[in-house]
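Q: The structure's right below; bear with me while I get my questions together.
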Amino acid sequence: MKRLLDTISECTECAQHFNHKPNPVLTANPKSKIIIIGQAPGSIVHRTGIPWDDKSGENLRSWMGIEKKDFYNEEKIALLPMGFCYPGKGKSGDLPPRKECAPLWHSQILTQMKEVRLILLIGKYAQDYYLGQHKKRTLTETVKNYAQYLPEYFVLPHPSPRNNIWQAKNPWFKENVLPELKLKINQNLNPAESF
């Protein structure tokens, strides 16, 4: 795994598409129990090199009901975006994650992780890639039907503050989905406590 992560850290596959130096940001460990598959690092994460080191990360940890020490413990949680590098700014926020990354690297990483119990698919790009034709017509419908994808996947919207409007329009998410998410996270990180 270390050799693979070292190789990824030097990846320049998409360099010609960026106005900045590539900086792949991810964490993974053969002992990881949960994998969080998000979109791509934002500008803050690009600068710090720490995954989910922004307001979205704060929101996600709150949704999951865990502290930073567990979130950043690679033996517990792997942080694997669809695109490992910051894609740059678009007209209305960050550009989409580069399409080259997941097909190139994800399966190589996942095959080395034999203890994974749950994969969080955060946002449309991760859900499109991993659910394929099993996703619903919209992200809202997919998230509303989250139980259909368990026990392998837990589907979520992106925890960006920009999605606060979506959350306000869909109160069922906070009422029904988040308590179940917290339960699944606890069961998979602390299996002895869940009996």
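Q: Express as a percent, rounded to the nearest 5, the fraction of DSSP beta bridges in the chain (both residues included) that run antiparallel.
A: 20 percent
Q: Please work out how much accessible surface Val116 shows to a 1.4 Å probe, ignoring ligands, DNA and RNA, in Å² rounded to 10.
A: Result for Val116: roughly 50 Å² accessible.
Q: Excluding Met1 itself, what net charge comes from residues whose Cβ is under 13 Å from its Cβ, given Lys and Arg +1 and Asp and Glu -1?
A: Neighbour charge sum, excluding Met1 itself: 0.
Q: Rounded to the nearest Å, what's the spacing between the alpha carbon centres of region 118-191 and region 50-91? Just the number, please.
A: Region 118-191 and region 50-91 have Cα centres spaced 15 Å from each other.
Q: For the chain, what is the calculated [θ] at 222 nm in deg cm²/dmol (nearest 500), taking -39500 (n - 2.57) for each run of four or more DSSP H residues and dividing by its residue count?
A: On the way: 9 runs with 64 residues, N = 195.
Helix contribution divided over all residues of the chain: -8500 deg cm²/dmol.
Q: Could you give P(r) for the chain, binned at 10 Å from zero, as whole percent values over all Cα-Cα pairs?
A: Going from the shortest bin to the longest, the percentages are 9, 37, 39, 14, 1, 0.
Q: Same structure again: Using Cα springs under 10 Å in a Gaussian network model of the chain, which residue among Gln16, Gln127, Gln112 shows the largest mean-square fluctuation?
A: Most flexible of the set in this elastic network: Gln16.
Q: Would you calculate the separation in nanometres between label points at Asp128 and Glu175, each defined as 7 Å from the Cα along the Cα-to-beta-carbon direction?
A: Between Asp128 and Glu175, the label points sit 3.1 nm apart.
Q: OK, next. Given springs between every Cα pair under 10 Å in a Gaussian network model of the chain, which of His46, His158, His17 has the largest fluctuation?
A: Looking only at His46, His158, His17, the biggest GNM fluctuation is shown by His17.
Q: I need to check one value: relative contact order of region 20-101, counting alpha carbon pairs closer than 8 Å and at least 6 residues apart, in percent.
A: Answer for region 20-101 is 43 percent.
Q: If you add up the charges near Ser62, with Lys and Arg at +1 and Asp and Glu at -1, over every other residue whose beta carbon is less than 14 angstrom from its beta carbon, what do you get?
A: That sum, taken over residues with Cβ under 14 Å, equals +1.
Q: By a straight-distance test (C-alpha under 19 Å), which lysines pair with Lys69 as possible cross-link partners, with residues fewer than eight away in the same chain excluded?
A: Straight-distance partners of Lys69: Lys31, Lys33, Lys55, Lys182, Lys184.
Q: Quick check: residue separation of Lys69 and Trp166 times 0.36 nm, minus the Cα distance between them. What number comes out in nm?
A: Full extension of this stretch gives 32.0 nm more.
Q: Give me the net charge for the shell around Pro41: Cβ to Cβ below 11 angstrom, other residues only, Lys and Arg +1, Asp and Glu -1. Could the numbers behind the result be given before it?
A: On the way: positive: Arg47; negative: Asp53, Asp54, Asp94.
Once positives and negatives cancel, what remains is -2.
Q: Another question about this same structure. Would you please name the GluC sites (Glu not before Pro) within region 36-128 that are DSSP coil residues with at most 15 other C-beta atoms within 10 Å of their C-beta?
A: Glu67, Glu74, Glu75, Glu100, Glu115
Q: How many Å² of accessible area per residue for the chain, probe 1.4 Å?
A: Accessible area per residue: 54 Å².
Q: Given the options Lys89, Lys124, Lys69, state which has the largest fluctuation in a GNM of the chain using a 10 Å cut-off (strictly under) for Cα springs.
A: Maximum fluctuation in the GNM of the chain, among the listed residues, is at Lys69.
Q: While we're on this one: How much length is gained if the chain between Thr138 and Arg3 is pulled fully straight, taking 0.36 nm per residue apart and subtracting their Cα-Cα distance, in nm to one decimal? Kindly include the intermediate steps, with their values, before the conclusion.
A: Values: separation 135, 0.36 × 135 = 48.60 nm, distance 3.83 nm.
Full-extension gain reported as 44.8 nm.
Q: To the nearest 0.05, how large is the calculated FRET efficiency for Thr111 and Arg47 if R₀ is 35 Å and r is the Cβ-Cβ distance?
A: 0.65
Q: Got a number for carbon plus sulfur as a percent of the chain's accessible area, 1.4 Å probe?
A: Carbon-and-sulfur percentage of accessible area, whole number: 50.
The values are calculated or read from the model by the stated rules, or taken from the named source; none is laboratory data. As the structure is a computational prediction, the values presented were derived from the model and not from experiment. All Cβ positions, glycine included, derive from the backbone under ideal geometry; neighbour counts span all protein chains shown. Surface accessibility is based on the protein's heavy atoms, side chains included, excluding ligands, DNA and RNA. Shrake-Rupley method; radii C 1.70, N 1.55, O 1.52, S 1.80 Å.
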